[in-house]
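Novice: Starting off with a structure, shown below.
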Amino acid sequence: MRVLLVAPTCDGTDVGESWVACQWASGLSACHDVTLLTYRKRDRPSARDQLKNCRVVEWTEPPFLGRAERLNSMMAPGYLPFYFRARRWIAAALRRGEQFDVAFQPVPVAMRYPCPAVGFGIPVILGPVGGGLSSPPAFAAKEGTDPWFVRLRRLDSMRLKYDPLLKGSYESASCVLGIAPYVAEKLADLSLKRFEIMSETAINEVPSPIDRSGRLDPVRALFVGRLVRTKGAREAIGAMALCRDLPLVLDIVGDGPDRAACEEITREAGLADRVRFWGYQPRETVMQHYRMADIFVFPSYREPGGNVTLEAMSNSLPLVVCGRGGPGAAVDEACGFKLQVTTPDELTRDVAEALRKLLSDDDLRHRMGQAAWEHVQRTALWKHKIGRINEIFEELVVRRDYA
């Protein structure tokens, strides 16, 4: 099948959406004739060198964008020129007589970017998309450490209603994939042709189960994620203060604008010897932290996806997460605790209670870790995701169910 893959960022040596797009490109090019339309970051390797079985049409991103990486990753200011470049290329390719059976745009995940492949008579699959989760009122009032541009996310719902390019992309797509059930609610006002649930990322392989039964105290809890207020690191630290009587330490891997506030909370609580900040770490070091940990704590209360939950489960870790957004959809009760989100104080107490239960019952901790490993094997491997998208491709091409 001739597949047109649209991914404005694609780099298997990077992290986040760049890495995800490269996994899609690699997996699909193993079974299809894939043409990839993408940007190349100026300081990153070319997708052409990484995807030998894929035809890569690559443009260099506009200058200066890489200097504001956080703004670039969230708002993608280079997307608009990419959109028009991609549309011009598709139009020229069709005039030359090229044909594509299906077009697929898996990134960006955020629901704020129109798809350049719609309107050409090609079946389009858009997603997995997500985002747009709002903070509970009790949390929103205390989110003061995020950069100013994060507040621009509030415009997303208005754009889905009134931006003709964005709205048209979703309503013209043959299939829209959402990363979790809540996405259907976010898109409820649009006339979608087809909607399905699919997580935005996956695991290439799951390591052998880790037996932690012979480990000695202290028990190691682990938080992995960017340190922004919504990830819930403050609640994880607060829970540690409520568990002073337990042989428990917390490793925090990640960096971000909320780190200073988290470190201050740690100092004020007298937890400097029990809460350790490791900052940003390369992927292999992060994997080592997963293997050394006993419990994964990620009380992010506005998490649209949450690849870290999949990584934690693949490393046989029981989880403590919030029961909303991506983690709430990815984790079941056999794998860990899914907490309700009401107020910061309540969430802190609930995290502490979950930790206390896991520390007081070794069998429960090990049983949940095993269940997590089995769950990710069944639900979150790339080979399963590639297989499902291939089924959707076949259904759309056979039915020609597109505008």
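Novice: Take the chain, connect every pair of alpha-carbon atoms lying under 10 Å apart with a spring to form a Gaussian network, then pick out the residue of Pro106, Pro209, Pro282 with the largest mean-square fluctuation.
Specialist: Evaluated over the chain, the most mobile residue of the options is Pro282.
Novice: Right, another one. How much length would be gained if the chain were fully extended between Arg244 and Arg378, taking 0.36 nm per residue of separation minus their Cα-Cα distance, in nm to one decimal?
Specialist: Value of the extension gain: 44.5 nm.
Novice: What are the residues whose amide H is under 5 Å from the amide H of Thr9, where those residues sit 5 or more places off or on another chain and H is modelled from the backbone?
Specialist: Under 5 Å from the amide H of Thr9 lie the amide H atoms of Tyr39, each far enough along the sequence or on another chain.
Novice: So how do Phe393, Phe84 line up by other beta-carbon neighbours within 10 Å, fewest first?
Specialist: Phe84, Phe393
Novice: Placing one identical point scatterer on every Cα of the chain and ignoring solvent, what is log10 I(q)/I(0) from the Debye formula at q = 0.13 Å⁻¹?
Specialist: -1.11
Novice: Hey, rough spin-label estimate for Leu216 and Gln281, points 7 angstrom out along Cα→Cβ, what's it come to in nanometres?
Specialist: In this crude spin-label approximation the distance works out to 2.1 nm.
Novice: If the cut-off is 17 Å between C-alpha atoms, which lysines fall inside it for Lys167, apart from same-chain ones fewer than 8 positions away?
Specialist: In chain and number order, the partners are Lys186, Lys193.
Novice: First select every other residue whose beta carbon is under 11 angstrom from the beta carbon of Asn307; then total the charges, Lys and Arg +1, Asp and Glu -1. Let's see the in-between values first.
Specialist: Working: positive: none; negative: Glu17, Glu200, Glu303, Glu311.
Here the count lands on -4.
Novice: OK, next. Binning every alpha carbon pair distance of the stretch 219-379 at 5 Å from zero, what are the percents per bin?
Specialist: Values per bin, smallest distances first: 2, 10, 21, 25, 23, 14, 5, 1, 0.
Novice: Rounding to the nearest 20 debye, state how big the charge dipole of the chain is about its Cα centre with +1 on each Lys and Arg Cβ and -1 on each Asp and Glu Cβ. Intermediate results must be reported in sequence, preceding the final value.
Specialist: On the way: 54 positive and 50 negative charges, 266 e Å.
Value, rounded to 20: 1280 debye.
Novice: Would you kindly state how much longer the chain becomes between Arg95 and Val397 on full extension, computed as 0.36 nm times their sequence separation minus their alpha carbon distance, in nm to one decimal?
Specialist: 106.6 nm is the gain from fully extending Arg95 to Val397.
Novice: Please order Tyr39, Tyr170 by the number of other Cβ within 10 Å, starting at the fewest.
Specialist: Starting with the residue having the fewest Cβ neighbours, the order is Tyr170, Tyr39.
Novice: Which value in deg cm²/dmol, rounded to the nearest 500, describes the helix-derived mean residue ellipticity at 222 nm for the chain, given -39,500 (n - 2.57) per DSSP H run of n ≥ 4 and division by the residue count?
Specialist: Rounded to the nearest 500, it is -12000 deg cm²/dmol.
Novice: Moving on to the next point. So which aspartates and glutamates pass the test for Lys231, namely a Cα distance under 12 Å, with those fewer than 8 places away in the same chain ruled out?
Specialist: Glu143, Asp146, Asp255, Asp258, Glu303
Novice: Would you work out the charge dipole size for the stretch 287-398 about its Cα centre, treating the Cβ of every Lys and Arg as +1 and the Cβ of every Asp and Glu as -1, and quote it to the nearest 20 debye?
Specialist: 180 debye
Novice: Provide Arg274, Arg378 in ascending order of the number of other Cβ atoms located within 10 Å of each residue's Cβ, fewest first.
Specialist: The fewest-first ordering by Cβ neighbours comes to Arg378, Arg274.
Novice: Tell me whether the stretch 167-263 comes out rounded, prolate or oblate; compute the Cα gyration tensor, take square roots of the eigenvalues as a ≥ b ≥ c, and use a/c under 1.5 as the rounded threshold. Present the calculation step by step, with values, prior to reporting the outcome.
Specialist: On the way: a/c = 3.31, a/b = 1.93, b/c = 1.72.
Cα axes put the stretch 167-263 in the prolate bin.
Novice: Considering the dipole of the chain built from charges on the beta carbon (Lys and Arg +1, Asp and Glu -1) around the Cα centre, which of Trp89, Ala103, Val129 is farthest to its positive end?
Specialist: Value computed over the given set: Trp89.
Novice: Among the listed pairs Lys161/Lys385; Lys161/Lys383; Lys41/Lys338, which are separated by more than 32 Å between their Cα atoms?
Specialist: Over 32 Å apart, Cα to Cα: Lys161/Lys383; Lys41/Lys338.
Novice: Sticking with this structure for a sec: Among DSSP beta bridges whose residues both lie in the stretch 219-379, state the antiparallel percentage, nearest 5.
Specialist: Numbers: 1 of 20 bridges.
Of all bridge pairs located within the stretch 219-379, approximately 5 percent are antiparallel.
Novice: If you place +1 on the Cβ of every Lys and Arg and -1 on the Cβ of every Asp and Glu, how big does the dipole about the Cα centre of the stretch 219-379 come out, in debye to the nearest 20?
Specialist: With only Lys, Arg, Asp and Glu charged at Cβ, the dipole is about 240 debye.
Coordinate-derived values only; no laboratory data. In this text, all values refer to a predicted model and were calculated from it rather than measured experimentally. Quick reminder, even Gly has a Cβ in these numbers, built from the backbone with ideal geometry, and neighbours come from all protein chains shown.
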